[in-house]
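Where a number appears in this text, it was derived from the coordinates with a stated rule and is not lab data. Nothing here was measured: the structure is a model prediction, and the numbers come from that model. Cβ placement follows ideal geometry from the backbone for every residue including glycine, while neighbour counts extend to all protein chains displayed.
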C-alpha cells in the first residue's frame, strides 16, 4: 500500500540535519559522556571486589535488613565466581551515569508539570511516546549522533528511563496536602521556600519511587544497549544468544537478575519512611510560630 503521509522521511531529514550541523557538539558530548562512564568504571574497578561487596552488603543491612544483606553478599560473590565482575561493574557505571542524567532532567520537568497544568498537558503525551515507543528505535538516532559505544547506550537508556521519574515527581508534588502549603504561605514563605522546605520533603517518598523505577528501566536496557557495543552484562547475554550458548546466556542473565534485585530492594528502602511523620512535624513547626 502506498504511503499517504511519510512521517518517517521528515524525522530522518531532521536527524540528518542535526548530525550535519551539530557534529562538533555531538563529538564533544561523546568525549565527555564516555569519559564520565569510563571514569566511573575505572574508579570501581580500582577498588578490590570484596570491598565493594562489603559496602553494598552494609548498605543493604542498614537500609533493608538482614535477609537482603545476606542475598546481596551471596549474590555478588556468585557474580564474581561466575567471572562476570568486570561486566557487572561496566553495567553499574552505565546505569549510574544514565540514571543521574535522567534524574537531572526528569525532576525539574516533573516539578514544572506539577506547577503548570498547561505544561503538564504538553509533557504527558511526550512521556507516553517515550514509554511506548519500542526501545530499539532509540538506538537509531543514538548511533547516528554518537556512533557505537557506551555513550549511545546511555543516550537510549536516558530517553527510555526518564518518564517514570517525571510522572512520579509530578504526582508527589500534586499530592502534598494543601493545608500544609497554605499554612506555610500564611507564615510568609515564598514559592521557592514552599517548594524546597515543604513540597519536596513531603514528596520525597514518591520521588524516590520514581528513582527506583528509573534505575529498573535503565537496567532493562542493558541487553539492548549491548547491541551497539555498550559493554557490560548485556553484551554477554547477546553473545550467548548469537552463539546459541545456553550456559553463557543463562549465567549472564542470572547476573542481571541478581543486580536488579539488589538495586531494587535498596532503592525501594530509601523511600520507605512515611510522609505522615513529616506532615506532623511541619504542622508542629507552624503552630509554634
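For the range 161-248, the square roots of the Cα gyration tensor eigenvalues, ordered a ≥ b ≥ c, give a/c of at least 1.5 with a/b greater than b/c, which places it in the prolate category. Centre-to-centre, using Cα atoms only, the range 132-173 and the range 33-91 are separated by 24 Å. Shown here: semi-axes √(5λ) of the Cα gyration tensor in Å, derived from the displayed model; of the candidates [x] 33, 20, 17; [y] 36, 29, 16; [z] 28, 23, 20, it corresponds to [y].
The calculated FRET efficiency for the pair residue 54 and residue 128, based on their C-beta separation and a Förster distance of 35 Å, comes to about 0.25.
Extension gain, residue 186-residue 136: 0.36 nm per intervening residue step, less the Cα-Cα distance, totals 12.9 nm.
The relative contact order of the chain comes to 21 percent, based on Cα pairs under 8 Å that sit 6 or more residues apart.
With a Förster radius of 35 Å, plug the Cβ-Cβ distance of residue 174 and residue 29 into 1/(1 + (r/R0)^6) and report the FRET value to the nearest 0.05. Don't skip to the answer; put the middle values down first.
Working: r = 33 Å, r/R0 = 0.95.
It comes out at approximately 0.55.
Computing FRET efficiency as 1/(1 + (r/R0)^6) for residue 227 and residue 196, where r is the C-beta to C-beta distance and R0 is 25 Å, gives about 0.05. For the chain, the 222 nm mean residue ellipticity estimated from helices alone, with every DSSP H stretch of n ≥ 4 adding -39500 (n - 2.57) and the total spread over all residues, rounds to -27500 deg cm²/dmol. A simple spin-label model places pseudo-atoms 7 Å from Cα toward Cβ; at residue 63 and residue 5 they are separated by 4.5 nm.
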